[in-house]
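Peer 1: Okay, here's the structure, questions in a sec.
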Amino acid sequence: MSKKNAGQAAYKTHSYFSRYGLLTIIAVFFVIFSLIAPKSFLNLRNWSALVVGQVAVVCVALGAICPMIAGEFDFSVGYMLGMCAMVGAVVAQTGAPPAVVILSVLLTGACAGLANGCLSVLLRLNSTVVTLGMGLVYYGVIMGISGGGQTITGNIPAILKTIAKTKVLNFNLSVWIILLCAGLLYYVLEHTPFGKQLYATGLAERASYLNGVRTKKVKIISFVMTGLLIALGGLILLGQSGAARPNTGPSYLLPAYAITFLSITTHKPGQFNVPGLLLSSLMLAVGFNGLSLIGGPYWMESVFNGLILITAILTTKSDARGIKIG
């Protein structure tokens, strides 16, 4: 084979994995686990539990992706999730109506996102450092309003529990809500002027500013979007568990970012995107679910997520190196 043909073959292979790598991995996982454990893996109840288990992680990932597209980083999303859930549980203990509980959680998320955005953008501070610090602040708030780290249970609004338990087409209503939010975010990011400004800001902030984009405003709005999506995740967690636990949120941080970084490997190679995020979540969920069914230990989830992330990024390394964050 000539060098020219070899180069063309390599390019086609790279192009294939850049666009269809995640789908290929999902298909391989599906075939392998279907052959090894057909009864348990192909069970509809198993798939329902698999998808429901990803709802909160996907919600955090959808929130995290907004400032990342704009070239910023929010490391407080885990603590923000815990704070939103805790605020909802504490407000619910006062006997407040469900609407007040829900609004208090959404307002908490929006205010936290706004605080992160203003500190990072208006004060020209590194968003990674700022959000790490704000994450510790949010954790302090969690410990303070929970009475020193107590789990808050009881009096959670019935509507949240209904959303968590009601099934539509064999999947929990919360799954359809997250898919709807993902669809709306996809539309905003890829089919509206704001979405184009957000991507442009992340790719070339100075050039975007010179072309009339209010880059500071765009970035701050992206942080507020993060807060609102995280608040939605907090409401879903409240409904699923019926309680708010102080240490719940941080455990979602790394899985959510693994999903977010994997999104660059499909749909729009080299750029964070919603379809890639959803496929990444499905791929990781299917892989770990299959390993669990064949007897894999619980700690394998972290190892599996990390190895898959590194492998996928290496496969599309030329795209990954073009990403700008912070």
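The values are calculated or read from the model by the stated rules, or taken from the named source; none is laboratory data. Everything numeric in this text was worked out from a predicted model, so none of it was measured. Neighbour counts are summed over all protein chains in view; Cβ atoms, including those assigned to glycine, are modelled from backbone coordinates with ideal geometry. Ligands, DNA and RNA are stripped out before the accessible areas are found, and what is left, the full protein with its side chains, is counted by its heavy atoms. Shrake-Rupley method; radii C 1.70, N 1.55, O 1.52, S 1.80 Å.
Peer 1: Quick one: Gly149 ticks every box in (1) in contact (Cβ under 8 Å) with a residue 40 or more places away in the chain; (2) part of a helix (DSSP H, G or I) bar one, so which box is it?
Peer 2: Tallying (1) in contact (Cβ under 8 Å) with a residue 40 or more places away in the chain; (2) part of a helix (DSSP H, G or I), Gly149 fails exactly one: (2).
Peer 1: Taking the range 181-197 on its own, how many of its residues are without any contact (Cβ under 8 Å) to a residue 40 or more places away in the chain and either touching a His at 6+ places or on another chain (Cβ under 9 Å) or crowded, with 19+ Cβ neighbours inside 10 Å (or both)?
Peer 2: Result for the range 181-197: 1.
Peer 1: Right, another one. Just a yes or no: is a residue in the range 125-135 out of contact with any Asp or Glu (no Cβ under 7 Å at 6 or more places or on another chain), open to solvent by 50 Å² or more (accessible area, probe 1.4 Å) and among the hydroxyl-bearing types (Ser, Thr, Tyr)?
Peer 2: Within the range 125-135, not a single residue is out of contact with any Asp or Glu (no Cβ under 7 Å at 6 or more places or on another chain), open to solvent by 50 Å² or more (accessible area, probe 1.4 Å) and among the hydroxyl-bearing types (Ser, Thr, Tyr).
Peer 1: What's the total number of residues in the range 287-300 that are in contact with a Leu (Cβ under 8 Å, 6 or more places away or on another chain) and surrounded by 17 or more Cβ atoms within 10 Å (Cβ to Cβ)?
Peer 2: 1
Peer 1: Would you point out which residue out of Val105, Val77, Val101 is open to solvent by less than 10 Å² (accessible area, probe 1.4 Å), in contact with a Cys (Cβ under 9 Å, 6 or more places away or on another chain) and not polar (S, T, N, Q)?
Peer 2: Exactly one residue qualifies, and that residue is Val105.
Peer 1: Here is a further query. So which of Pro269, Pro255, Pro250 is part of a helix (DSSP H, G or I), touching a residue at least 12 places away in the same chain (Cβ under 8 Å), over 20 Å from Ser48 (Cα atoms) and open to solvent by 10 Å² or more (accessible area, probe 1.4 Å)?
Peer 2: Only one candidate qualifies: Pro250.
Peer 1: Hey, could you check the range 198-213 for residues that are out of contact with any Lys or Arg (no Cβ under 8 Å at 6 or more places or on another chain) and in contact (Cβ under 8 Å) with a residue 12 or more places away in the chain and say which is least open to solvent (accessible area, probe 1.4 Å)? Give the derivation first.
Peer 2: First, pick out the residues of the range 198-213 that are out of contact with any Lys or Arg (no Cβ under 8 Å at 6 or more places or on another chain): 198-200, 204-213.
Narrowing the set further to residues that are in contact (Cβ under 8 Å) with a residue 12 or more places away in the chain leaves 198-200, 205, 213.
Numbers: Leu198: 0, Tyr199: 23, Ala200: 36, Glu205: 68, Val213: 21 Å².
Restricting to residues being out of contact with any Lys or Arg (no Cβ under 8 Å at 6 or more places or on another chain) and in contact (Cβ under 8 Å) with a residue 12 or more places away in the chain, the top hit is Leu198.
Peer 1: Out of Leu307, Leu277, Leu262, Leu314, which single residue is part of a helix (DSSP H, G or I), open to solvent by 10 Å² or more (accessible area, probe 1.4 Å) and either in contact with a strand residue (DSSP E or B) (Cβ under 6 Å, 6 or more places away or on another chain) or modelled with pLDDT of 75 or more (or both)?
Peer 2: Testing whether each residue is part of a helix (DSSP H, G or I), open to solvent by 10 Å² or more (accessible area, probe 1.4 Å) and either in contact with a strand residue (DSSP E or B) (Cβ under 6 Å, 6 or more places away or on another chain) or modelled with pLDDT of 75 or more (or both) leaves just Leu307.
Peer 1: Can you name the helices (runs of 4 or more DSSP H) wholly within the range 156-216 that have at least 1 residues being within 23 Å of the chain's Cα centre (by Cα)? Break it down into steps so the answer makes sense when it comes.
Peer 2: Working: elements: 158-165, 173-191, 193-203, 205-210.
Result: 158-165, 173-191, 193-203.
Peer 1: While we're here: Any residue at all in the range 232-242 that is open to solvent by less than 40 Å² (accessible area, probe 1.4 Å) and assigned to a loop (DSSP other than H, G, I, E, B)?
Peer 2: Among the residues of the range 232-242, at least one is open to solvent by less than 40 Å² (accessible area, probe 1.4 Å) and assigned to a loop (DSSP other than H, G, I, E, B), which makes the answer yes.
Peer 1: While we're here: Can you pull out the residues in the range 41-57 that are open to solvent by 10 Å² or more (accessible area, probe 1.4 Å) and of a type in the set (A, V, I, L, M)?
Peer 2: Within the range 41-57, the subset open to solvent by 10 Å² or more (accessible area, probe 1.4 Å) is 42-47, 49-54, 57.
Matches in the range 41-57: Leu42, Leu44, Ala49, Leu50, Val51, Val52, Val57.
Peer 1: Can I ask one more? Confirm whether Gly113 is open to solvent by less than 60 Å² (accessible area, probe 1.4 Å) and under 19 Å from the mean Cα position of the chain (by Cα).
Peer 2: Numbers: open to solvent by less than 60 Å² (accessible area, probe 1.4 Å): yes; under 19 Å from the mean Cα position of the chain (by Cα): yes.
Criteria met by Gly113.
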